[in-house]
Amino acid sequence: MGVYRTATWLFLLLTLATAGCHRYLVATPNLLQGRNPHGVYEECAADCRTPEAPIIYATDREIAATVNAQPRYGSARAGQLAFGLAQVNLGPDTTWQELIRDSTLTKRAREHEVRVTSVRELGVLKPSLDPAERDPRTKLATLRSMEEDTQKEQLHKLLRARLEQTAQKDVYIFVHGFNNTFDDAVFRAAEVWHFMGRVGIPVAYTWPAGHGGIRGYAYDRESGEFTVSHLRRFIKLVAECPDVERIHLVAHSRGVDVTISALRELHIACHAQSKSTQQELKLENLVLAAPDIDEEVFMQRFVGEGMLSAAKRTTIYVSEHDKAIELSDVVFASRRRLGMLASKDFSPKMRRTLARMPNVHFVECKVSGILMSHSYVFTHPAALSDLILLLRDYRDPGVADGRPLRRTAEGIWELSDDYLAFRDKRR
């Protein structure tokens, strides 16, 4: 009964952030506060200077309904991966000038409601043939091979069209966590991309989470296992697009387990062919935000499989005050969840290991408001500022590299509320 009550509290805590009918633009990152809005968005393409944010999506959710010829994706699982373009409005009845002004203010005069205004499904990546069906002498294999080539070209056409609008040929793939809807996924991608100055192209990879109810967490965990093969294939196809120069994987909560599992399979395939995973996947940054994964499972899959160099830079955002992770830890009787590690939890052996991995960085977030916000990396003004500098500018941690985190040990950094905080000099 105690575990059941704990699971109930876990569900209530993790759903609190998404409760209610309205979603509003997150607070202005410290990095942008007091800045000239025109300077922040000067590299933004002309057709992106609108409250609308175009978000490429990929999903293996089933269509729950069709409204005005547009799909509405639910939490049921589909046997194939659809992709398309969603338009997210960052402020109805708001002009571009008003939006960028408010995007640089510490305190806004009004809230900006975030809405999905349209969803267009542009293609479907059907399951690949089983090895037994791939005999090139059969008509089925030939037809399916042609179909796969067509699907791939449709995806690449979509990527090229968006990349033409930006000088930075980067793709940012966001993988959400437990209890997220389709709309939640595209909202997150739109907000981070907007505050990055709208460079590169954002992609929301959204798997069949958000089932709801007390058993929803268990359903979402299994949906996470279901989606791994689809995510693996999607990452590979994006990397194969010649116009893409860099890929950034940004995983949150249970999405970390999903992402690590997919990346592990890609890494094994690259290793078998004596290829560099980092080069094959063009993987610049791997971001694991508030990872809801057992520490030992992570060490086995990520460290034990030699994935430390899979990305040019791996950043892990953690907080010992993340109550959602703490409750998950209780429910699954983990030795310890990765997302709630503190610097004091690192053994001498682990510290020595980190010292030998200059491209892996733990960022311990000692920021306020985490108790009721498992999404602090994307919503807290200090944490979001650091994420922007990492993704947009490829900066390593430390004052010398323009990310003024405080180093507490080799590979371990600390972030607090005053990170790049704006000081009004008139006071």
Problem - Pairs beyond 23 Å (Cα-Cα), from K312/K344; K275/K312; K236/K312; K236/K275 - result: K312/K344
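What fraction of the DSSP beta bridges in the chain is antiparallel, stated in percent and rounded to the nearest 5?
In the chain, approximately 45 percent of DSSP beta bridges are antiparallel ones.
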Fill in the blank from the handout: Final fewest-first order of T206, T150, T106 on the 10 Å Cβ neighbour count is T150, T106, T206
Practice task
With r as the distance between the Cβ atoms of H38 and D401 and R0 = 22 Å, compute the FRET efficiency 1/(1 + (r/R0)^6) and round to 0.05.
Solution key: 0.25
Practice task
Excluding residues fewer than 8 places away in the same chain, name every one of the aspartates and glutamates whose C-alpha is closer than 14 Å to that of K107.
Solution key: E98, D424
Completion exercise
Any helix of the chain counts here only if DSSP assigns it H throughout, its Cα atoms span 20 Å or more along the axis, and its mean Kyte-Doolittle hydropathy is at least -0.5, and such helices are 2-16, 182-195, 216-239, 254-272
Handout entry: Computed magnitude of the charge dipole of the chain (debye, nearest 20; Cβ of K, R +1, Cβ of D, E -1)
Key = 540 debye
Exercise for the section: Provide the convex hull volume over Cα atoms per residue for the stretch 2-416, in Å³. Expected result: 148 Å³
Completion exercise
Footprinting proxy, W207, W193, W413: sorted fewest to most Cβ within 10 Å, the residues are W413, W193, W207
Exercise for the section: Would you mind ranking K107, K366 by Cβ crowding within 10 Å, fewest neighbours first? Expected result: K107, K366
Handout entry: Length gained when the stretch A76-A46 is fully extended (0.36 nm per residue, less Cα-Cα span)
Key = 7.0 nm
Handout entry: Stretchable slack from E153 to T95, in nm (0.36 nm times residue separation minus alpha-carbon distance)
Key = 17.3 nm
Practice task
Figure the gain on full extension for T66 and T166 (residue separation times 0.36 nm, minus the Cα-Cα span) and round it to one decimal in nm.
Solution key: 32.8 nm
Handout entry: Value of [θ]222 nm, deg cm²/dmol, for the chain, DSSP H segments ≥ 4, -39500 (n - 2.57) each, nearest 500
Key = -11000 deg cm²/dmol
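Read the figures in this text as sums done on the coordinates, not as results from a lab. All of these numbers come straight from a predicted model, not from anything done at the bench. We place every Cβ from the backbone using ideal geometry, glycine too, and count neighbours over all the protein chains shown.
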